[in-house]
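Contents: one structure, followed by commentary.
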Amino acid sequence: MKNLVLFAFFLASGFLTISCSSKKTDYSSAKNIKIKWELISNFVDVENAFDARFVFENHANFALDKNWKLFFNIGPRPIIDPPSPQKASVQHINGDWYQLVPNADFSLPQHESVEIIYRGTEGVLKESDGPLGAYFVFYNEDGSEAQIVEVDCEILPFTRAEQLNKNTEDKEPVPTSEYRYHNNEGLEVLSGDKLLEIIPTPYQIKTTSGSTNVDEKWSIFHEDGLDNEAGYLAEKLKAITGVNFKVDTKLSGNQQIILKSGNIQVNGVKKEAYYLDVKSQSIEITGSDPAGVFYGVQSLIAMIPISVHQEKSTSISFDHVSIQDAPRFGFRALHTDLGRNFQTKETIMRNLDLISFYKLNKFLIYLTEDEGWRLEIPGLPELTEVGGQREHTSSYHDPVLHPAYGSGPFAYGEGSHGSGFLTRNDFIEILKYAKARHIQIIPELNFPGHARSSIKPMEARYERLMAEGKEKEANEYRLVDPDDKSVYISAQSFKDNVVSVARESTYRFYKKVMDEISLMYEEAGLKLVDIHTGGDEVAEGAWTKSPLAAEVMKANPEYKDPKNLQAYFFKRLLETLKDDNYTIHGWEEVALLKNVDGSYDPNPEFVGKNVIPYVWNNLYGSQDLSYRIANAGYDIVMCPVSNFYFDLAYDKDPKEPGLYWAGFVRTRDAWGFAPFDLFKTTTHAANGREINREVEYKDMVRLKPEARKHILGVEAQLWSETIKGRDMIEYYMLPKLLGFAESAWARERVWETIDNDEKREKSMDQHWNIFANTLAQQELPRLSYLNNGYNYRIPLPGAIIEDGKLFANIEFPGLDLYYTNDGSEPSTSSNKYTEPISVSGEVKIKAFDVSGKASRVVVTSPEQQKIDIENRNNSN
């Protein structure tokens, strides 16, 4: 017995020794490893390539050996061989997910540093292009993952010429303070009586002498069927004045705001038209329909002076006016991408309030993208359990959505926008909210490409049901050909984002999702009539090695090239959804066939079949694509990338966030679009090169007069790769949205019809000056109060120092400029700039509107101007 006890004791001691010796290493202190990333140069010995470097300083409590990888997200660009051998290599995984992998000889002792240089193609212009969401994964000896540790990565500022320009073909000027100053020189401050009364500009507005004071004695009368519009007006007036205006169904005609319907039309337009008359004892809004009354209400709210918002005045003075108004286009849309970075229900509702104020009537809600599925679908829980969140995974082949856009290794991580979805009830609430504001929500499910957030959840579902022995159910909604060996890489560098067009289950899945969404519309008191199928950017090479796709081509010999199986998919999808009577929207590719040389021609197959292409490409030699498709008989929506892509950065400033693959989009670009002759307003290529319009547009197709009716309207885009949360989405959108609203609603502008370039530019400059002044003095301050305030962008001042004097101006005249000469940050208590003034050394200057919202600070000095000139001379 004694021996057994001793044996047990030694056995326990042995186990204890093994347990101690097998204790896992704690790598938590890796969070103290200091990582810096720097763009070295966009000008290297390989054309259109860049060099960048990581620098590690090891402040962890252990030496960094070979048992780790650093994962991060960065703008997807092909990686090529570095200029010299390195101790670690950057490797692309999938999408914008990359890893930094140590080589066999890597070792970084404590308190030492190492530099790792890598090379990629396509230049980098923005500090926001640096690595995001970095984290270490440490591995056990057997290769299994031991621990994940998140780590900060500092992005070093871009200041040198080789960092500020993309490549030798980059002709876009760097927006230095001097450049901005000279660019703004043609603008001047206008008096209040020269401003636009309302944005978007009404078709006709006549002002007469006198004004009417509306106070708590007034009431709101409405005819039957306009209780929604009356309630909306009362709610908004209370938010502005604090007064509860009585809503009445009894007409007195005295001290009343009268809402009524009438058989009216403006410029031949009967839908959404209104008359607004401010009289001495009444204000009358007559609409051709409830939407027209609603837009009349919005115009009345827009006429409220900014001082009322500022002072919370209980009375409002309205000038006597008579307005007749109707929209230029019946389709005025904002697209918002929830897939790449999630936006909450509250943010969506704020955006709906905003776009309704500026008289937009469509909201394309992008519910799916490669990087996220954002709507609960009953019966398919994996769509949100898997597709609604991003997290680290050992392989991109796993049925998981890997990190993207800096979302980090953990689902629903603090400060991350990679995870999240709208519940069924959320979506129904959004539909009702939009309905009350006369906005139609158009849902999107993007197929056959951009479909990774559909594919991976359905693979997770497949694996779950197969494990349960339910093979039939497992295959019910499966979206891939498991034997497909096709190799491709999408526009966003995904290798696995295209569904099988050959599986019946692909179409069954699409039908299932749309049926469930249709039920949500019914619960909101609506009917689903328009859906958006995406259909863009199917990668070259998809389906080329799919046995199932090969069978489809054999049975359908008219599809001679796998790339045109997209047309087969779209035809099958229309057949699948035929009984639902949807109007099918999609990107331009749904109406195109791809030629062998990569060019596109309109596909006549779907003309007259309730198919509406959205045409984004007005660059790259495709400036006439909208017109070619419209001339072929398709109703189209124009979404020109150089005017209406709000996710493109405002300018080339490396600190200004946003994308730039198609150039930059300023507020003037959104305002300055001629839909029936876009050749007049598409003046520069994506790289900033001025287009020789006489030569390059000479042989391009013009819009036929009889095809004008096929231009249904316009849409602005908010893709969310770089947009994280409410503040950023509002910053990207405002004030560009106001320029877009003018292009969408207001009558054809005088300058649109001027053929002489010089005369047209002069007319545009004159009208833009009025619009820019209205933004500065009226609209931006209003946005600081509307719905408790929006995060709009104030442009940076232009400034130059000559002969010891500071000269300054601003893109939106009427904003106030304040400066300091002592190194302190400017505020409204600082020196106000009113005229050139003597300064010495460094000057800091900011722009402010009357609400107190400010721009970023601009720092200039004679020395900085010399650096800017040197950088400009060294560019290209």
Compute the length gained on full extension between Asp515 and Asn61: take 0.36 nm times their separation in residues and subtract their Cα-Cα distance, giving the result in nm to one decimal. 157.8 nm
Order the following by accessible area, largest value first: Thr314, Thr121. Probe radius 1.4 Å; ligands, DNA and RNA are ignored. Thr314, Thr121
Checked the stretch 431-535 with the C-alpha gyration tensor, a ≥ b ≥ c its square-rooted eigenvalues, rounded below a/c of 1.5, otherwise prolate if a/b is larger than b/c and oblate if not; verdict oblate
Straight-line reach from Lys485: which aspartates and glutamates have Cα under 17 Å away, leaving out those fewer than 8 places along the same chain? Asp398, Glu459, Asp496, Glu540, Glu551, Asp561
Tell me the accessible surface of Leu375 in square angstrom (1.4 angstrom probe, heavy atoms of protein chains only), to the nearest ten. 0
So how far apart, in nm, are the two label points at His684 and Lys866 if each is 7 Å from Cα heading toward Cβ? 2.9
With every protein chain in place, what's the accessible area of Leu156 (1.4 Å probe, Å², nearest 10)? 40
Expressed in nm to one decimal, what extension gain is obtained for the pair Lys609 and Ser622 from 0.36 nm per residue of sequence separation less their Cα-Cα distance? 2.2 nm
Karplus ³J(HN,Hα) for the stretch 737-745 (6.51 cos²θ - 1.76 cosθ + 1.60, θ = phi - 60°; Hz, whole; x = Gly/Pro) runs 4, 5, x, 4, 4, 5, 5, 7, 9
Taking a ≥ b ≥ c as the square roots of the eigenvalues of the Cα gyration tensor of the stretch 338-486, is the shape rounded (a/c under 1.5), prolate (a/b larger than b/c) or oblate? prolate
Peptides 487-494, 76-83: what's the order by average Cβ count within 10 Å, highest mean first? 487-494, 76-83
Distance in nm between label sites at Glu115 and Arg668, each 7 Å beyond Cα in the beta-carbon direction? 4.1
Can you show me the helix-derived [θ] at 222 nm for the chain, built from DSSP H runs with n ≥ 4 at -39,500 (n - 2.57) apiece and divided by the number of residues, rounded to the nearest 500. -7500 deg cm²/dmol
Nonlocal amide H pairs with Asn341, under 5 Å, H built at 1.01 Å: Ser720
Under 18 Å from the Cα of Lys846, which lysines turn up, not counting those fewer than eight places away in the same chain? Lys655, Lys805, Lys832
Ignoring ligands, DNA and RNA, how do Glu752, Glu706 rank by accessible area with a 1.4 Å probe, largest first? Glu706, Glu752
Can you figure out the FRET efficiency of Lys31 with Asn581, using R₀ = 45 Å and their beta-carbon distance, to the nearest 0.05? 0.20
Please sort 789-796, 680-687 by packing, taking for each peptide the average over its residues of neighbouring beta carbons within 10 angstrom, highest first. 789-796, 680-687
In the stretch 744-817, what is the volume of the convex hull around the alpha carbon atoms, normalised per residue and reported in Å³? 126
Find how much the distance from Ser107 to Asp727 grows on full extension, using 0.36 nm per residue of separation minus their present alpha carbon separation; answer in nm with one decimal. 219.0 nm
About the Cα centre of the chain, how large is the charge dipole given +1 on each Lys and Arg Cβ and -1 on each Asp and Glu Cβ? Please answer in debye to the nearest 20. 1280
Sorting Leu108, Gly379, Val501 by the position of each Cα along the dipole of the chain (Lys, Arg +1; Asp, Glu -1; all at Cβ), the one nearest the positive end of that ordering is Gly379
Which FRET efficiency value, to the nearest 0.05, is calculated for Asp765 and Asp699 with the Förster distance at 41 angstrom and r the Cβ-Cβ distance? 0.85
Please give the Cα centre distance for the stretch 80-122 versus the stretch 756-824, rounded to the nearest Å. 44
Of the listed pairs Lys194/Lys680; Lys36/Lys126; Lys456/Lys512; Lys512/Lys545, those with alpha carbons more than 20 Å apart are Lys194/Lys680; Lys512/Lys545
Hits among aspartates and glutamates - C-alpha to C-alpha of Lys759 under 20 Å, sequence gap 8 or more where chains match: Glu185, Glu188, Asp669, Asp677, Glu690, Glu694, Glu748
Taking protein heavy atoms only, a 1.4 Å probe, and rounding to whole percent, the accessible area of the chain owed to carbon and sulfur comes out at 49
Once both label points are put 7 Å beyond Cα along the C-beta direction, the Ile79-Arg508 separation in nm becomes 4.0
How much accessible area per residue does the chain have, counting only protein heavy atoms and a probe of 1.4 Å, in square angstrom? 41
Using unit Cβ charges (K, R positive; D, E negative) and no other charged atoms, how large, in debye to the nearest 20, is the dipole of the stretch 726-876 about its Cα centre? 420
Holding the Cα-Cα limit at 19 Å, pick out from Lys435/Lys527; Lys34/Lys652; Lys704/Lys762 the pairs that are longer than that. Lys34/Lys652; Lys704/Lys762
For the pair Asp227 and Glu188, what calculated FRET efficiency results from E = 1/(1 + (r/R0)^6), where r is the Cβ-Cβ distance and R0 = 56 Å, to the nearest 0.05? 0.75
With all protein chains present and a 1.4 Å probe, the order of Lys512, Lys126, Lys312 from largest accessible area down is Lys312, Lys512, Lys126
Please label the shape of the stretch 729-876 as rounded, prolate or oblate, based on the square roots a ≥ b ≥ c of the eigenvalues of the alpha-carbon gyration tensor (a/c under 1.5 means rounded; beyond that, a/b larger than b/c means prolate, else oblate). oblate
What value does the chain have for Rg/Rh, both radii from Cα atoms and Rh as Kirkwood defines it? 1.00
Per-residue SASA entry for Thr753, accessible area with 1.4 Å probe, Å² rounded to 10: 80
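The values are calculated or read from the model by the stated rules, or taken from the named source; none is laboratory data. Computed from a predicted structure; not experimentally measured. FYI the Cβ positions are ideal-geometry reconstructions off the backbone, even for glycines, and counts take in every protein chain you see. These area figures cover heavy atoms from the full protein model, side chains too; ligands, DNA and RNA do not enter into them. Shrake-Rupley method; radii C 1.70, N 1.55, O 1.52, S 1.80 Å.
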